[in-house]
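The values are calculated or read from the model by the stated rules, or taken from the named source; none is laboratory data. Because the structure is predicted, anything quoted here is derived from the model rather than measured. So basically every Cβ, Gly included, is an ideal-geometry build from the backbone, and we count neighbours across all protein chains shown. Only protein heavy atoms, including side chains, enter the accessible area calculation; ligands, DNA and RNA are left aside. Shrake-Rupley method; radii C 1.70, N 1.55, O 1.52, S 1.80 Å.
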Amino acid sequence: MDRDRPPRSPREVRREVDEELAFHLDMRRRELIAAGRPPATAEEEAHRLIGDLELTRRRCVESQLRLERRARRRESLADLGQDLAFAARAFARRPGFATAAVLVLALGLGAAVAVFTIADHVALRPLPYRDAERVVAIYRTVPAAGEERGLVAIGDFLDWQETATSFAALGLAEPFGFDLTGERAPESVPALLVTAGFFAALGIEPIAGRLPAAGDFEGDGPGPVLISESLWRRRFGADPGVVGGTIALDGRPTPVIGVLPADPAFPEPADVWAPKR
């Protein structure tokens, strides 16, 4: 192989092999005709002497492609060596530029790692729910208004809950918020008001306490709540006595019935989950 010639593409290799085989086949046919064979007989004998033309073609192509791959690797390594040598000389002449280039490279790598981490967490990793492949999110769509993912009204949800037969469980979560008070400084905590079936749909179990029972969704006023593991540890020092006790939400004593694990990702960030009544 000519080392000065740039590597060829697979299509070019196949075309050159076909041209080479056609040339040898034509030369053999001409030799046979010159020796006195009729053209038709010379054509058949030329093919027979060369053998299985397709097998020969395939082997020649594979051999040439292997050589091309080796040539590309050698060329890439040579280019890399030249680039590194050039960069080293440039950095030695201008150390300030070298420092800036290294910083830019570090920032670029950091950004790439951050983007991949987010993509891995959002798009690549399976959802941290039981039977995650069966969990779906339902939205309201209004094509005429250009609304593709609208919020679901509670009335629509209740209708679906009564009539839908394709789902094992249906749950709705409404973003909310509470002011948490007590011995420490007041704190605004994100919350979700959830319907019966929400935790069953996601297959999530508390690490302490229990999930809301049917009666917890009935009545007026605030019901018992669950808190996140992060809030439990950060605000209450992971005190097991919090479960079964009360905390002050919006100035009202509110029973805590359980602690939810920190790992599962919910539709919205939350530290408190309260039954929607």
Discussion item. Considering only protein heavy atoms and a probe of 1.4 Å, how much of the accessible area of the range 181-227 is carbon and sulfur, as a whole percent?
Written reply: 54
Response to the item:
Scaled by the rule-of-thumb 2.2 N^0.38 Å, the alpha carbon Rg for the range 160-219 gives a ratio of 1.42
Practice prompt. Within 10 Å, count the other beta carbons around each residue, average over each peptide in 217-226, 141-150, and list them highest first.
Written response: 217-226, 141-150
Worksheet item: What is the antiparallel percent of DSSP beta bridges lying wholly in the range 193-277, to the nearest 5?
Response: 55
Worksheet entry | Qualifying GluC sites (Glu not before Pro) for the range 161-205 [loop in DSSP, other Cβ within 10 Å: at most 11] | 183
Worksheet item: Taking 0.36 nm per intervening residue step and subtracting the Cα-Cα distance, what contour gain separates residue 234 from residue 78 on full extension?
Response: 50.5 nm
